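*Asks:* One structure, pasted below without further comment.
A short reminder: the numbers here are calculations on the coordinates, not readings from a lab. No experiment lies behind these values; they were computed from the predicted model shown. Cβ atoms come from the backbone with ideal geometry, glycine included; neighbour counts cover every protein chain shown.
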Amino acid sequence: MRNVDVTCEKCGAVVRVTVGQVVHCTCGQQLAAPERREPTEPPGSLVQDDVAAVQKLHQAFEAMRGELAKVIVGQQKVLEELLVAIFARGHCLLVGVPGLAKTLMIRTLADALNLSFNRIQFTPDLMPSDITGTEVIQEDKTTGQRHFKFLRGPIFANVILADEINRTPPKTQAALLEAMQEHQVTVGGERHRVTEPFFVLATQNPIEQEGTYPLPEAQLDRFMFNILVDYPEEEEEFEIVRVTTATHQPRVDKVLAARDIVELQEIVRKVPVADHVIRYAMKFTRLTRREKGDVPEFITNYVSWGAGPRATQYLVLGAKARAVLHGRYYANCEDIRAVAGPVLRHRIITNFNAEAEGVKPDDIIARLTALIPIDESQEAQSGRIPKIFRSGHAG
């Protein structure tokens, strides 16, 4: 069955609808997907449209970096990883000590992309209905009849900041799972689609673990990236203090709209990837699985559980998105290396030996990167593999 994104004329929400079916928007409006029509454009026009879309996304990426720099000093790598995840339809977990502008970064990103934004502060007493919403009884004053009405929770926004997600119990953490994976929530037996595009950006404080509820591995795996937000450099910190202690409040201009992002996400999926690049990504994940035998000695010594197939999927999708952001029409092995850290660091579970010797997942990823060579002859061929899009490379 084919799915189509339909914009609600009543509230403006973008809802994914299966062709031939009728669904209800969260505002109550009936939505139906249009039937497939034969293209009226001459052959080759789709290729030109796709190439133009890549150029548009690359230009938007450069513009977004300029707009974000008005508010956020430094953190260029973090911002790029956030944008890669967004255009690959992934969710992110941001880990960093307090005071590194994680919340400001996400709010500014939502402003630059012209997306709705909600912040949820996770606390030990937060309930699932506080996130998803709840049904209340309302009385129709004209008829006197009572009926249930769904009141939408803060999950119904384009960008959700789940602040300190490890400070709320597992039951509430799990309320995010359905929304993250299925882009819907179920309340009272009725499904409600979230607003598209939809991203969950969760934060964790790594230094205060007492009284917290660490995310289980199954839920960690739902996040495409685990992004480390580190301290700024000396000159960056100087600029932060200089700017934030003055009266000037920078204004961020809108670079893209929600509809543009949904369309560009489809373009990212079409980016061609050579077979050797996919196999290169597979090596990263398969070499972390100590149960499979032929793995490096440091994996056997330090890893108790390795990455699954979802990691390989995210490596390839992240490589596609990064390639397009940098203005290229194909993904290569360098793109895989660039996203290996955020994709794998929360999917490699280290053992006691690693903890005793101070070996972190990032150390293991660095050793894997040095161990797995790039075949330069094959990589040279990547540049000749379609610099245009073809329908057979949907990824």
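*Asks:* Run the dipole for the chain about the Cα centre, Lys and Arg Cβ at +1, Asp and Glu Cβ at -1, nothing else charged, and hand back the magnitude in debye, nearest 20.
*Replies:* 1080 debye
*Asks:* Sum -39500 (n - 2.57) across every DSSP H segment of at least 4 residues in the chain, then divide by the residue count to get the 222 nm mean residue ellipticity, nearest 500.
*Replies:* Rounded to the nearest 500, it is -12000 deg cm²/dmol.
*Asks:* Could you work out the equivalent-ellipsoid semi-axes for the chain, taking the square root of 5 times each eigenvalue of the Cα gyration tensor, largest first, in whole Å?
*Replies:* So the equivalent ellipsoid measures 34, 29, 23 Å along its semi-axes.
*Asks:* Semi-axes of the equivalent ellipsoid of region 115-229: what are they in whole Å, largest first, if each equals the square root of 5 times a C-alpha gyration tensor eigenvalue?
*Replies:* Over the Cα atoms of region 115-229, the ellipsoid semi-axes are 30, 15, 12 Å.
*Asks:* Taking only the alpha carbons of region 179-257, what extent do you get along each of the three principal axes, in Å, biggest first?
*Replies:* Largest to smallest, the principal-axis extents are 53, 38, 21 Å.
*Asks:* While we're on this one: Using only the Cα atoms of region 231-299, build the gyration tensor, take square roots of its eigenvalues as a ≥ b ≥ c, and label the shape rounded, prolate or oblate: rounded if a/c is under 1.5, else prolate if a/b is larger than b/c, else oblate.
*Replies:* oblate
*Asks:* Additional query: Looking at the P(r) of region 45-244, how many percent of alpha-carbon pairs lie beyond 21 Å?
*Replies:* 58 percent
*Asks:* Ordered by packing density, taken as the mean number of other Cβ atoms within 10 Å over each peptide's residues, highest first, how do 87-93, 272-278 rank?
*Replies:* 87-93, 272-278
*Asks:* Over region 114-230, what relative contact order in percent results from Cα pairs under 8 Å that are six or more residues apart?
*Replies:* 27 percent
*Asks:* Report, in debye and to the nearest 20, how large the dipole of region 206-253 comes out about its Cα centre when Lys and Arg carry +1 and Asp and Glu carry -1 on their Cβ.
*Replies:* 340 debye
*Asks:* So, one more: So what is the relative contact order of the chain, in percent, for Cα pairs below 8 Å that sit 6 or more residues apart?
*Replies:* So the answer I get is 19 percent.
*Asks:* Take the cross-link list LYS171/LYS320; LYS149/LYS171; LYS77/LYS171; LYS171/LYS270 and give me the ones stretching past 26 Å between alpha-carbons.
*Replies:* Among LYS171/LYS320; LYS149/LYS171; LYS77/LYS171; LYS171/LYS270, the Cα-Cα distance tops 26 Å for LYS171/LYS320; LYS77/LYS171; LYS171/LYS270.
*Asks:* Which order do peptides 281-292, 144-155 fall in by mean Cβ count within 10 Å, highest first?
*Replies:* Ranking the peptides 281-292, 144-155 by packing returns 281-292, 144-155.
*Asks:* Same structure again: Principal axis extents for region 288-373, Cα atoms only, whole Å, descending order, please.
*Replies:* So the extents along the principal axes, rounded to whole Å, are 43, 24, 22.
*Asks:* Oh, and also: Just flag the GluC sites (Glu not before Pro) in region 174-247 sitting in loop per DSSP whose Cβ has no more than 13 other Cβ atoms within 10 Å.
*Replies:* Qualifying residues, ordered by number: GLU208, GLU210, GLU233.
*Asks:* Which one of PHE150, PRO128, PRO216 is farthest out on the positive end of the charge dipole of region 45-244, using unit charges on Cβ (Lys, Arg +1; Asp, Glu -1) and the Cα centre as origin?
*Replies:* PHE150
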